[in-house]
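Visitor: Below you will find the structure I want to go over with you.
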Amino acid sequence: MANDFFNDLSETLSKTAKGLSERMGSMYDAQKIRSKIAGEEKLINKALADIGQIVFDRFAEGGEVEEDIRALCEEICQHNESIESLKEEAAGKKGQKICPGCKKSVDKEVSFCPFCGTPVPDPEPPVEEEPEEAEEFFEDEQTAEEVAEEAVREAVEEGKAAAEEFADAVADAVAGTEENE
């Protein structure tokens, strides 16, 4: 009896192992195919990026491009300008500046880039805008003080209303507690 049990158990384990092995092989084969697909998709994306770079280079050199492509190229230029500005800001925070030739960060004290030899001018200090008079923000003849006084009055009125609502709620709660006793 015990011998039959172990034979059945052995057979069941053998079938299960064989089934798992087949499923693992199928999963492995499927994963290999997915990897090949991903590789082909990467090649497609690389080719598309290369096409885009060729078209953008044509645009940058002043060549003819279609209007919808021109709009995308102009958007890329705006993003590139933003990146350059952010790089300059980051370099400034680290006590550096950006080389106009190779675009690498260099110490702010150098006059020539140690990487490419390009002259590196000192960055222009940021232009601080003059603060506008507070009264310029108001369309009518109200002064800043009048607007502030009005805001305070409104806040006081809202505070009074909230306090009255709170007092009413407390009174209702107290009344409800007395009724339950």
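The values are calculated or read from the model by the stated rules, or taken from the named source; none is laboratory data. In this text the structure is predicted, and so the values were computed from the model without any measurement. No Cβ is skipped: glycine too gets one built from the backbone with ideal geometry, and neighbour counts run over all protein chains shown.
Visitor: Which condition number does Gln53 fail, the rest of (1) of a type outside the set (Lys, Arg); (2) at pLDDT 90 or above; (3) assigned to a helix (DSSP H, G or I); (4) within 29 Å of Pro123 (Cα to Cα) being met?
Guide: Exception for Gln53: condition (4).
Visitor: Pull out all pairs, ordered by first then second residue, where Cβ-Cβ is under 6 Å, the residues are six or more apart or on different chains, the first lies in region 66-81 and is of a type outside the set (Val, Ile, Thr), and the second is surrounded by 13 or more Cβ atoms within 10 Å (Cβ to Cβ).
Guide: Listed by first residue and then by second, the contacts come to Cys73/Phe56; Cys73/Phe59.
Visitor: Next question. Just to be sure, is Ile83 within 27 Å of the chain's Cα centre (by Cα), more than 30 Å from Asp107 (Cβ to Cβ), β-branched (Val, Ile, Thr) and surrounded by 10 or more Cβ atoms within 10 Å (Cβ to Cβ)?
Guide: No: the conditions fail for Ile83.
Visitor: Of the residues in region 65-86, how many are at pLDDT 90 or above and not in a helix (DSSP H, G or I)?
Guide: Final tally of qualifying residues: 1.
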